[in-house]
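What follows draws every value from the coordinates through simple rules; no lab data is involved. Worth saying up front: this structure is predicted, and the values here are computed from it rather than measured. Cβ coordinates were reconstructed from backbone atoms using ideal geometry, including for glycine residues, and neighbour counts include every protein chain displayed.
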Amino acid sequence: MGDQGFLVQKPGFATTAIRAGHDPSYCTSEAVVTPIVTSTTFKQPAPGEYKRFKYGRSGNPTRNTLEQCLAALDGAKHALTFSSGLGATTTIASLLSQGDHIIASDDLYGGTDRLFRAVMTRLGIEVTFTDFTNMELVKSAFKKNTKLMWLETPTNPLLKVVDIAALSRLAKSHGDVIVVVDNTFLTSYLQRPLDFGADIIMYSLTKYMNGHSDVIMGAAVLNDDELNTRLRFLQNSLGIVPSPMDCYLVNRSLKTLALRMEQHKKSALTIAQWLEKHPKITEVLHPGLPTHPQHEIAKKQMTGHSGTFSFRHSGGLKESKIFLSSLQVFILAESLGGYESLAELPTLMTHASLSPERLELLGITDSLIRLSVGLEDIDDLIKDLDQALKLAFE
């Protein structure tokens with residue numbers, strides 16, 4: 001796995017992020033920075049024989065370097081990258097066959113919900129959405145044909161935290177059920193789901209792992225060799241692969257992941273604590289707060305929370321629109337995990353594909369605001385929220 005012999009002891013997270021997968025002699029003349037190899041095809045010494053690469057869809061030196069680094073950061077054996085987070089999700093779901101059954105979190109990223117509800121079901125795969133914070137509901141959701149359990153923790157946008165270890169044990173008690181955890185909100189720096197029994201970690205690398213809002217990419221990280229072989233086949237067969245340039249950019253971004261996540265974590269918790277005291281805020285959904293209903297589970301399986309959390313205010317749609325339109329440092333935009341702070345209204349933006357009935361059932365209301373706290377000065381962000389709330393409720 002590249003230049004891994006530089007330390008006798010096990011390296012720390014930041015060191016691994018900088019060195020894992022990188023070998024200065026790999027495809028270059030001792031380059032310190034991983035090169036961007038754009039070739040779509042590679043010379044073969046004889047017909048049907050190749051050294052390491054033969055065609056860019058099947059493998060690429062820049063992509064392989066990124067995948068090795070991603071695997072190392074989760075303490076895993078394998079990582080595969082895809083052209084988007086939904087591309088990774090689609091590939092993982094393609095492990096299933098017609099007639100199989102998925103159990104999924106009821107509170108999901110809108111794109112995942114849409115894929116499962118509108119595409120997978122049309123292909124003959126059953127999907128049951130349930131609240132993974134209620135173990136009795138989860139137990140009742142299992143069927144004889146259940147083949148995959150899809151978790152988000154924390155969930156999007158309600159920030160529910162689910163017990164990965166308990167759910168993984170439950171899944172395995174029902175046979176060969178693949179447990180997938182979407183770890184986009186936390187990254188490998190704050191949570192490592194494989195350590196708690198998950199089979200596959202899914203990432204939207206678009207978010208914190210890249211962290212610069214300039215690349216769309218996804219990944220699957222795992223230990224199981226047989227699952228890796230199946231996913232490699234699907235990665236090549238479906239062709240949902242990222243470009244060498246994008247792989248270079250994400251690999252570059254991983255080098256500062258530890259530093260960025262520490263600042264995201266610190267700033268978001270400070271702002272969440274400030275919001276809790278604001279007279280117009282009725283609820284702050286941040287797993288790091290003692291008031292969060294799954295705070296104890298969060299402490300058990302997380303080493304902190306990222307910059308993304310939600311809150312509810314005492315107004316409605318009118319106040320939400322005024323508040324969001326009045327922000328000056330926070331940018332009104334979808335997505336999360338970049339260096340810039342973002343704010344959005346899930347009912348009209350990231351989760352607009354959900355029906356009004358489903359939004360109401362989940363508790364995603366017009367007073368629910370999701371923040372992605374970036375790397376600006378904390379004082380500037382708090383002042384911005386304060387002035388926007390004053391305008392919304394004047």
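Summing -39500 (n - 2.57) over the DSSP H runs of n ≥ 4 in the chain and dividing by its residue number, what mean residue ellipticity at 222 nm do you reach, to the nearest 500 deg cm²/dmol?
Numbers: 14 runs with 138 residues, N = 394.
That comes out to -10000 deg cm²/dmol.
List the lysines whose alpha-carbon lies under 25 Å from that of LYS300, not counting same-chain residues fewer than 8 positions away?
Candidates past the 8-residue exclusion: LYS10, LYS77, LYS139, LYS160, LYS172, LYS207, LYS265, LYS266.
Counting pairs of alpha carbon atoms under 8 Å apart in space and at least six apart in sequence, what relative contact order in percent does the chain give?
On the way: 762 pairs, mean separation 63.8, N = 394.
Relative contact order, the chain: 16 percent.
Listing SER320, SER243 from the residue with the fewest other Cβ atoms within 10 Å to the one with the most, what is the order?
Numbers: SER320 22, SER243 17.
By the 10 Å Cβ count, ascending: SER243, SER320.
I need TYR55, TYR339, TYR248 ordered by Cβ neighbour count within 10 Å, fewest first.
TYR55, TYR339, TYR248
Of ILE331, ALA93, HIS286, which is farthest on the positive side of the dipole of the chain, counting Cα position, with +1 on Lys and Arg Cβ, -1 on Asp and Glu Cβ, and the Cα centre as origin?
Projecting each Cα onto the dipole axis, the largest value belongs to ALA93.
Please label the shape of the stretch 148-245 as rounded, prolate or oblate, based on the square roots a ≥ b ≥ c of the eigenvalues of the alpha-carbon gyration tensor (a/c under 1.5 means rounded; beyond that, a/b larger than b/c means prolate, else oblate). Let's see the in-between values first.
On the way: a/c = 2.30, a/b = 1.18, b/c = 1.96.
Verdict is oblate for the stretch 148-245.
When a/c reaches 1.5 or more, the comparison of a/b and b/c decides; with that in mind, is the stretch 95-178 rounded, prolate or oblate per its Cα gyration tensor? Before the final figure, lay out the partial values.
Details: a/c = 2.04, a/b = 1.10, b/c = 1.85.
Taking the square roots of the gyration eigenvalues as a ≥ b ≥ c, the stretch 95-178 is oblate.
Would you kindly state how much longer the chain becomes between LEU332 and LYS51 on full extension, computed as 0.36 nm times their sequence separation minus their alpha carbon distance, in nm to one decimal?
Values: separation 281, 0.36 × 281 = 101.16 nm, distance 4.86 nm.
96.3 nm is the gain from fully extending LEU332 to LYS51.
Order these by the 10 Å Cβ neighbour count, fewest first: ASP131, ASP214, ASP246.
In order of increasing Cβ crowding within 10 Å: ASP214, ASP131, ASP246.
Taking the mean number of other Cβ atoms within 10 Å as a proxy for protection, how do you rank 173-185, 135-147 from highest to lowest?
Working: 173-185: 20.5, 135-147: 14.4.
In decreasing order of mean packing, 173-185, 135-147 become 173-185, 135-147.
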